[in-house]
1. Which condition number in (1) touching a residue at least 60 places away in the same chain (Cβ under 8 Å); (2) in contact with a Leu (Cβ under 7 Å, 6 or more places away or on another chain) is the one that H391 fails?
2. Which of the residues spanning segment 384-403 are in a loop (DSSP other than H, G, I, E, B) and surrounded by 17 or more Cβ atoms within 10 Å (Cβ to Cβ)?
3. Evaluate segment 405-417: report whether one residue or more is more than 21 Å from D303 (Cα to Cα) and in contact with a strand residue (DSSP E or B) (Cβ under 7 Å, 6 or more places away or on another chain).
4. Kindly evaluate A300 against the criterion of being part of a loop (DSSP other than H, G, I, E, B) and surrounded by fewer than 14 Cβ atoms within 10 Å (Cβ to Cβ).
5. Working carefully through the options V372, V346, find the one that is closer than 19 Å to A336 by Cα, of a type in the set (A, V, I, L, M), modelled with pLDDT of 95 or more and within 48 Å of the chain's Cα centre (by Cα).
6. Going by the structure shown, is F55 modelled with pLDDT under 70 and either closer than 30 Å to A262 by Cβ or part of a loop (DSSP other than H, G, I, E, B) (or both)?
7. Would you mind telling me which numbered condition in (1) at pLDDT below 70; (2) of a type in the set (K, R); (3) not in a loop (DSSP other than H, G, I, E, B) R238 fails?
8. With the condition kept exactly as written, say whether any residue in segment 343-358 is buried (at least 22 other Cβ atoms within 10 Å of the Cβ), assigned by TED's automatic domain parsing to the domain that holds G314 and over 24 Å from S281 (Cβ atoms).
Amino acid sequence: MPNRHPRHPPAKDFARPATREPVQAGISPKIVLALCALTLATTLWGGAATWYILFRDEFAQTFLARQTEMRIAYEDRVADLRNRLEREITSGLVERKAFAARVDALTTRQAEIESRQIWIASLADRLSGSAPSRLLPEPAGTLLPSRAVETTGSIPTMPGAKPMPVAAEPLDLRLRGHAPAVPSVPDRLSGVELSLGRASAAAVGSAETIRQAARERVTRLRLALEATRLPVSRLSPREPATGGPFVPLPQAFDAAGLRPIAADAEGSVGELERLGSVARSLPLGRPMFGPLEQTSSFGARLDPFNRAAAMHTGVDFRAEAGAPVRSTAAGRVTVADYSGGYGNMVEVEHEGGVSTRYAHLSAITVAPGQRVDLGQIVGRAGSTGRSTGTHLHYETRIDGEPVNPARFFEAGRLLEAAR
């Protein structure tokens, strides 16, 4: 009988499938985080909006107040900076003006000092030209030993404007990079002002020295000229013609009381020049260099030939034959010829009617009309004319009348003592 039940197909042998993880249904974590962030932002925005709505007026006021404070502080700072800038500019202008004024003042003072220095140098030259050493010849080794010109009343040498020596900087300091500090411009100006002040004081001192020296030399010259027993007015040279508008001394001579000193110094030097001119015109020199041995004096004596009383109108000096005979002052030769008892004679005319004679010469070296200087050779010693031997007969005359030469020798001695 047939099987009524359905026939089931035979079971097939399938391999058992691999085990799988169960799939869990749910939301992705990224989505969760995004939702959380969105929720937080929404909450914060809402809180901020709520706070802004509640406190916006107070916040605005605070914000505006802070902005106002910052603006005011900034404006104050700008104003302060502007004021400081203006002060700096003003101060700079004032300093520049003050600096310019100091420089102008220094320039003026420098010009004044230069003017004074020129005047002092000129006055010192005039004083030196009138020194007693210029009034007599002084051959080396005969009258006085040669020595430096340094006598009472001498004028100190005025220093020029030379740079002060600067000590060399040690090498080790330079290697270490140390350099001497450079003074600022105001400091240098102060240094210049100090130097000019010293120069001004030195000018006053120099003028005072010149004045004192001139006074002393005037006194000595007067004593020397008085020894000649001649009035200075007779011998004074004629005043040279001068003129021009009156121009007072410049302001430079007002410094430190220089004006009265300058006026007095000018007067003293002028008087010294006048007396020096008188002294140069007088026969105050020696007719021969070297020691002079007088063999016959001026005045009454016994005539060497007839032994009768006679007037000796000059002085006689021992001399070697051919020894140079010199003019005792500058002048003009009036006689240069053989003249009776004088033998070969030279006569020289000087200022103020004063003349000198040189007699018994072996030779004459000048000619009539010739100008001779102090100390110039006019002849050679000899024994021509009325003479007992080689010697020099020397005479001094005033307006043709013989006077004792001793007075002129004494004046010359006083000048020598003043060298």
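1. Unmet condition: (2).
2. The answer is T384, G385, S387, T390.
3. yes
4. No.
5. Of V372, V346, the one residue that is closer than 19 Å to A336 by Cα, of a type in the set (A, V, I, L, M), modelled with pLDDT of 95 or more and within 48 Å of the chain's Cα centre (by Cα) is V372.
6. The answer is no for F55.
7. (3)
8. Among the residues of segment 343-358, not one is buried (at least 22 other Cβ atoms within 10 Å of the Cβ), assigned by TED's automatic domain parsing to the domain that holds G314 and over 24 Å from S281 (Cβ atoms), which makes the answer no.
The values are calculated or read from the model by the stated rules, or taken from the named source; none is laboratory data. Everything numeric here is computed off the predicted structure, so don't read it as measured data. So basically every Cβ, Gly included, is an ideal-geometry build from the backbone, and we count neighbours across all protein chains shown.
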